[in-house]
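The values are calculated or read from the model by the stated rules, or taken from the named source; none is laboratory data. Please read all numbers here as calculations on a predicted model, not as lab measurements. Here the Cβ is made from the backbone with ideal geometry for all residues, glycine too, and neighbour counts use every protein chain on show. The protein model used for the area step is the full one, side chains on, heavy atoms only, and it has no ligands, DNA or RNA in it. Shrake-Rupley method; radii C 1.70, N 1.55, O 1.52, S 1.80 Å.
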Amino acid sequence: MYQKNISCQYFAPQKIEEALEILSRYEIEIKIIAGGTDLLVQYYDRLYEIDNWLDLKNIKDLKNIRINKNQMEIGAMVTHTQIEISEDIQKYFPILSQAASDIGSPQIRNRGTIGGNIVNASPAGDLLPSLIAYKAQFKLVSSREETIIPAEAFFIGPKKTILRADQLLSEIILPLPEKNTYGSWIKIGKRKALIIATITLALVVRMDKDNEIIQNASVCLGSVAPTPLEIKEIKEKMIGKKFKQLDFNQLGGMVEDKISPIDDIRGTREYRKDVAKEIMINALEEIDLAYIQHVEVV
Ligand SMILES: Cc1cc2nc3c(=O)[nH]c(=O)nc-3n(C[C@H](O)[C@H](O)[C@H](O)COP(=O)(O)OP(=O)(O)OC[C@H]3O[C@@H](n4cnc5c(N)ncnc54)[C@H](O)[C@@H]3O)c2cc1C
């Protein structure tokens, strides 16, 4: 017979400090809830059982987007819609804004948060490749300490992160890009809206002050490995070269060679490898176009 559990607790504090105190008391006996768009689906699918909930919805300090000196700080409770429409994010981190606009549907984007996307740690999480390509850092806080770690160090497997039970993700920190930085974001899925990605790619390229020589490049893919995958070897092939000298086909081939995706319901290994090459070439072409237009107007 079904018995109602009367010891169930629901907290919705207004301050981060209160939330951390509650977390330190309950640790694995409590679930943090942000927008609930991942968590409640998993709950109703009975992927876990929990009696206690810590809802972050009332904590205003987690909802800010601000520029502080040479970095942008995005609170973990900022929604995908806010990321999509923020003029500062569109200006400095355009491909993060585009990735947010590709998530789910308007309803999901209005509720789902950047913090939830990160901590859920799906290999297909749409914000993750752009965050890694932009060299984001995550601020993790507990009642005892505050730690800042590089985004790529956070993910250790599908739905697995280094976050401890007494910690919450409070902020995403992005260094403001230098002048002459270009980006491209590509999401491939079976249809345009409400679709989990078959494969994604974020590419960020920074030129020197004369807008000629590549100073830095990062490419990160989603849905091709247990965690978002940065292809670090690409840097050697791009840094120090003029954009016009790049062999797009060779760079696409390199991305294809460096990934070992699995077959799943959204696509086969071979399909993902072929598409990885094509979308790397497309991303380079997109940057090439933006670069030519930029050089012409300077
Ligand atoms: C119909 C539908 C379509 C979707 N489409 C997409 C899509 O296209 N692309 C995509 O990437 N995702 C998609 N999602 C997944 C989901 O919407 C996103 O991952 C969203 O960003 C999750 O955020 P949330 O605030 O709802 O997280 P929640 O569900 O509230 O939480 C997710 C996880 O993160 C933890 N958590 C949340 N915030 C914090 C924090 N600050 N500190 C510590 N732990 C925290 C929770 O405990 C939980 O484990 C979709 C979901 C649905 C239901």
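Residue check: is K179 open to solvent by 30 Å² or more (accessible area, probe 1.4 Å), more than 30 Å from L54 (Cβ to Cβ) and assigned to a loop (DSSP other than H, G, I, E, B)?
So K179 passes the test.
Show the residue pairs meeting these rules: Cβ distance below 8 Å; 6+ apart or different chains; first residue within segment 38-49 and in contact (Cβ under 8 Å) with a residue 40 or more places away in the chain and within 18 Å of P158 (Cα to Cα); second residue more than 7 Å from the ligand (Cβ to nearest atom) and among the basic types (K, R).
Pairs found: none.
Can you spot a residue in segment 186-202 that is away from the ligand (no atom under 16 Å from the Cβ), in contact with a helix residue (DSSP H, G or I) (Cβ under 9 Å, 6 or more places away or on another chain) and either in contact (Cβ under 8 Å) with a residue 40 or more places away in the chain or among the aromatic types (F, W, Y) (or both)?
So far as segment 186-202 goes, no, none of its residues is away from the ligand (no atom under 16 Å from the Cβ), in contact with a helix residue (DSSP H, G or I) (Cβ under 9 Å, 6 or more places away or on another chain) and either in contact (Cβ under 8 Å) with a residue 40 or more places away in the chain or among the aromatic types (F, W, Y) (or both).
Restrict the check to segment 256-272 and report whether at least one residue is more than 16 Å from the ligand (Cβ to nearest atom) and among the hydrophobic types (A, V, I, L, M, F, W, C).
Taking every residue of segment 256-272 in turn, at least one turns out to be more than 16 Å from the ligand (Cβ to nearest atom) and among the hydrophobic types (A, V, I, L, M, F, W, C).
Could you list, in sequence order, all residues of segment 32-46 that are farther than 19 Å from T79 by Cα and either open to solvent by less than 80 Å² (accessible area, probe 1.4 Å) or not aromatic (F, W, Y) (or both)?
Those that are farther than 19 Å from T79 by Cα and either open to solvent by less than 80 Å² (accessible area, probe 1.4 Å) or not aromatic (F, W, Y) (or both): Q42, Y43, D45, R46.
Looking at (1) in contact with a strand residue (DSSP E or B) (Cβ under 9 Å, 6 or more places away or on another chain); (2) over 29 Å from I186 (Cα atoms); (3) at pLDDT 95 or above, can you tell me which one Y48 breaks?
All conditions pass for Y48, except number (3).
How many of the residues in segment 230-286 are surrounded by 13 or more Cβ atoms within 10 Å (Cβ to Cβ), among the hydrophobic types (A, V, I, L, M, F, W, C) and not in a helix (DSSP H, G or I)?
Residues in segment 230-286 being surrounded by 13 or more Cβ atoms within 10 Å (Cβ to Cβ), among the hydrophobic types (A, V, I, L, M, F, W, C) and not in a helix (DSSP H, G or I): 5 in total.
Name, by its number, the condition in (1) more than 27 Å from N110 (Cβ to Cβ); (2) within 16 Å of the ligand (Cβ to nearest atom); (3) in a strand (DSSP E or B) that does not hold for A217.
(2)
Is it true that I162 is without any contact (Cβ under 8 Å) to a residue 40 or more places away in the chain, of a type outside the set (S, T, N, Q) and surrounded by fewer than 16 Cβ atoms within 10 Å (Cβ to Cβ)?
Taking the combined requirement at face value, the residue satisfies it.
Test of understanding: among K160, K179, which residue is within 18 Å of K91 (Cβ to Cβ) and among the charged types (D, E, K, R)?
It is K179.
Mind checking which residues of segment 138-158 are under 22 Å from S101 (Cα atoms) and either surrounded by fewer than 23 Cβ atoms within 10 Å (Cβ to Cβ) or more than 10 Å from the ligand (Cβ to nearest atom) (or both)?
Answer for segment 138-158, where residues must be under 22 Å from S101 (Cα atoms) and either surrounded by fewer than 23 Cβ atoms within 10 Å (Cβ to Cβ) or more than 10 Å from the ligand (Cβ to nearest atom) (or both): just A151.
Can you name the condition, by its number, that E17 falls short on among (1) within 15 Å of the ligand (Cβ to nearest atom); (2) surrounded by 14 or more Cβ atoms within 10 Å (Cβ to Cβ); (3) more than 19 Å from K135 (Cα to Cα)?
The failed condition is (2).
Pull up segment 67-88, narrow it to residues that are within 12 Å of the ligand (Cβ to nearest atom) and hydroxyl-bearing (S, T, Y), then point me to the one that is nearest to the chain's Cα centre (by Cα).
My answer is T79.
So which residues in segment 121-143 are closer than 23 Å to V224 by Cβ and in a loop (DSSP other than H, G, I, E, B), if there are any at all?
Within segment 121-143, A121, S122, P123, A124, G125, D126, L127, Y134, K135, A136 meet the criteria.
Residues being closer than 20 Å to K159 by Cα, within 14 Å of the ligand (Cβ to nearest atom) and small (G, A, S): count how many of those fall in segment 89-137.
Residues meeting the conditions: 11.
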